[in-house]
1. Among the residues of region B:5-21, which ones are part of a helix (DSSP H, G or I), buried (at least 16 other Cβ atoms within 10 Å of the Cβ) and within 14 Å of chain A (Cβ to nearest Cβ)?
2. Determine which member of the set B:129, B:114 is within 16 Å of ligand 3 (Cβ to nearest atom) and of a type in the set (Ser, Thr, Tyr).
3. Which of the following residues is over 25 Å from residue B:74 (Cα atoms), crowded, with 16+ Cβ neighbours inside 10 Å, away from chain B (no Cβ under 13 Å) and more than 16 Å from ligand 2 (Cβ to nearest atom): A:70, A:52, A:82?
4. Of the conditions (1) assigned to a loop (DSSP other than H, G, I, E, B); (2) of a type in the set (Gly, Ala, Ser); (3) at pLDDT 95 or above, residue A:24 fails just one. Which one is it?
5. Taking region A:54-82, which residues are away from DNA strand C (no atom under 13 Å from the Cβ) and in contact with a Pro (Cβ under 9 Å, 6 or more places away or on another chain)?
6. Need pairs with beta-carbon distance below 7 Å; first residue aromatic (Phe, Trp, Tyr) and within region B:123-136, second within 11 Å of ligand 4 (Cβ to nearest atom) and part of a strand (DSSP E or B); sequence gap 6+ or separate chains.
7. Hey, can you tell me all the residues within region A:22-43 that are surrounded by 18 or more Cβ atoms within 10 Å (Cβ to Cβ) and of a type in the set (Lys, Arg)?
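The values are calculated or read from the model by the stated rules, or taken from the named source; none is laboratory data. Please read all numbers here as calculations on a predicted model, not as lab measurements. Cβ placement follows ideal geometry from the backbone for every residue including glycine, while neighbour counts extend to all protein chains displayed.
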2 protein chains.
Amino acid sequence: MKSVEELTARFRAHGLRVTPQRQAVFRLLAGNDTHPTVEAIHAGVRAEMPTVSLRTVYQTVHDLARLGEVHVLDVGTGQVRVDPNVEEAHHHLVCTRCGRMDDVAVEAPAPPATPGFRAERVEVIVRGTCAACEAAAGGPHRAPGGATVRRTEHETAHETAHETQEATCRS
Amino acid sequence: MKSVEELTARFRAHGLRVTPQRQAVFRLLAGNDTHPTVEAIHAGVRAEMPTVSLRTVYQTVHDLARLGEVHVLDVGTGQVRVDPNVEEAHHHLVCTRCGRMDDVAVEAPAPPATPGFRAERVEVIVRGTCAACEAAAGGPHRAPGGATVRRTEHETAHETAHETQEATCRS
DNA sequence: TTGTTCCTGACAACTATTGCTGATAAAGTG
DNA sequence: CACTTTATCAGCAATAGTTGTCAGGAACAA
Ligand SMILES: [Mn+2]
Ligand SMILES: [Mn+2]
Ligand SMILES: [Zn+2]
Ligand SMILES: [Zn+2]
């Protein structure tokens, strides 16, 4: 992602106004490689500016995405993730337990020649279990400040001996 | 996916009861390669049994998933998709406009050796535009019975000359 | 048949995200 | 700096997809 100054200039050049709230979002994202959720960004921004609303963070993230300064990713963990690294092509590891997302260098296969479909980009998601969740595999736990991946269902009693664990290890 | 008879036996073997509603879902999924949404399954089932509730369809789909008879996929189109093809490994084309999802044969890259992460499976998503949406690219339209991909945001006036189109071509 | 367990259907609740709106603040102009 | 013109802010309401709850009713086993 570009620097806060560059983003400020770019926003103005596009007729967008630059407010302290937006700059706080810029600062939080610059050099952030944790793929934070919007909620996480909001929490971080509120540490400095306690009145900023979640709505404002969503707006700013969308504006950044429109300018191509971040990617908004939905990998099926229930919340979108913001990726400020748009310069270098890369893919992701996704922890199926806590939703944690890390960059990974794998070469994507070439988009296949498919009649009736114009391929634009190829996304690779490596799903698995992160170290923190692996360590906590014994039973559910909850890291401080972490949110929990949506992983529920009524399913009264039978519970056919499949995953039931739940853990969180978001940084 | 297995046949309706096999699924019936398998459900019973696992202590799950087999009702007309569940069999209607089985029937709708057997040999279905459209990756229907739960809502679409519901609509299809209601054509024969108008009283079946959406909740029941969700339950049945989840039970099928737990037995490994279907895969429930979330590719970020706002609704989960049900894939009855669990026998052969494959990946997907996803239309960014209408959410349509088709099978594609691409070889996934080998899961990289990443310390601190136990990779379990690699998912490849080829995003692009399907033929129907390509044809309708001139302006928004709405196919009969189709649902629309969530693609909105207030964003008052400025509209920085980016995508605004919206189209639907779900079968 | 009878009892037990599970499923159904209707509706409420929940979560992530977006819509709405008066008040406010950023740019632009002199 | 004073002033005008917009775009943004914060808060709250609304929405969509999915899941929780629970009182009947149906399916299976004996
Ligand atoms: Mn990344
Ligand atoms: Mn498929
Ligand atoms: Zn994890
Ligand atoms: Zn399409």
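1. Listed by number, the residues that qualify are B:10, B:11.
2. On the way: B:129 fails: within 16 Å of ligand 3 (Cβ to nearest atom).
Step by step, each of B:129, B:114 is checked, and only B:114 is within 16 Å of ligand 3 (Cβ to nearest atom) and of a type in the set (Ser, Thr, Tyr).
3. Numbers: A:70 fails: over 25 Å from residue B:74 (Cα atoms); A:82 fails: over 25 Å from residue B:74 (Cα atoms).
Result: A:52 is the single residue among A:70, A:52, A:82 that is over 25 Å from residue B:74 (Cα atoms), crowded, with 16+ Cβ neighbours inside 10 Å, away from chain B (no Cβ under 13 Å) and more than 16 Å from ligand 2 (Cβ to nearest atom).
4. (1)
5. A:69, A:70, A:71, listed by residue number.
6. From residues that are aromatic (Phe, Trp, Tyr), there are no pairs.
7. A:22
Matching residues to (1) part of a strand (DSSP E or B); (2) out of contact with any Ser or Thr (no Cβ under 8 Å at 6 or more places or on another chain); (3) not assigned by TED's automatic domain parsing to the domain that holds residue B:128:
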position	(1), (2), (3)
B:31	no, yes, yes
B:41	no, yes, yes
B:47	no, yes, yes
B:50	no, yes, yes
B:59	no, yes, yes
B:63	no, yes, yes
B:99	no, no, no
B:106	no, yes, no
